[in-house]
Amino acid sequence: MTGTTTGTAVVTLPSDTRILITREFNAPRHLVFRAWTEPELIKRWWSGGHGEVTVAEVDLRVGGAWRYALVTPEGYEVAFHGEYREVVANERLVCTEAYEGIPDPDENAALCTYDFEEEGGRTTLRVLVEHRTREGRDAHIDSGMESGMQKGLDLLEEIAVSLA
């Protein structure tokens, strides 16, 4: 497997409360899934170059918790956490995602579904983020998430390709 792509994630808004992100990776899904779920690998891509990942905790089982945090170059901590609702190795993850920088993060958590599909040694990742309200979805989009996400997914692809 050689070559990686950059900035190719497509973000769409299929409803007033949903965000759909689609990204193809030049790596088989078991390697993309591994890079997505192993703490030491998460630390290498999750910040998208916007800081240092200081926490990457993963209890990859139904009912298990996860938490990621980074510190920006300006010294701010940005953290998210959630709980796994469905885990199918190399195929699907469903979990909550709570941004710790808002009031009542768990009450306002999104539900995220990650589907990993492989064809011809390439993986398509579909991420469906379901917010409780349109305001929550819009705040997510308006946060500038797409820029960091694009860079993070580019790094994730580099890591997955390097694992081959």
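The values are calculated or read from the model by the stated rules, or taken from the named source; none is laboratory data. The model shown is predicted, which means the values in this text are computed figures rather than measured ones. Counting neighbours? That spans all protein chains shown, and the Cβs are built from the backbone with ideal geometry, glycine included.
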Open item on the list: Quick check on this structure: which one of 23, 67 is out of contact with any Lys or Arg (no Cβ under 6 Å at 6 or more places or on another chain), modelled with pLDDT of 95 or more, over 23 Å from residue 163 (Cα atoms) and assigned to a strand (DSSP E or B)?
Closed with: 67
Task: Members of region 90-143 found to be under 23 Å from residue 25 (Cβ atoms) and out of contact with any strand residue (DSSP E or B) (no Cβ under 9 Å at 6 or more places or on another chain), listed by number - done: 119, 120, 121
Task: Considering residues of region 43-95 that are basic (Lys, Arg) and farther than 18 Å from residue 129 by Cα only, the residue surrounded by the fewest Cβ atoms within 10 Å (Cβ to Cβ) - done: 61
Task: Residue list for region 22-71, filter: under 19 Å from residue 121 (Cβ atoms) and either among the polar types (S, T, N, Q) or without any contact (Cβ under 8 Å) to a residue 12 or more places away in the chain (or both) - done: 22, 26
Open item on the list: For region 107-142, give me the residue count where each residue is without any contact (Cβ under 8 Å) to a residue 60 or more places away in the chain and surrounded by fewer than 14 Cβ atoms within 10 Å (Cβ to Cβ).
Closed with: 5
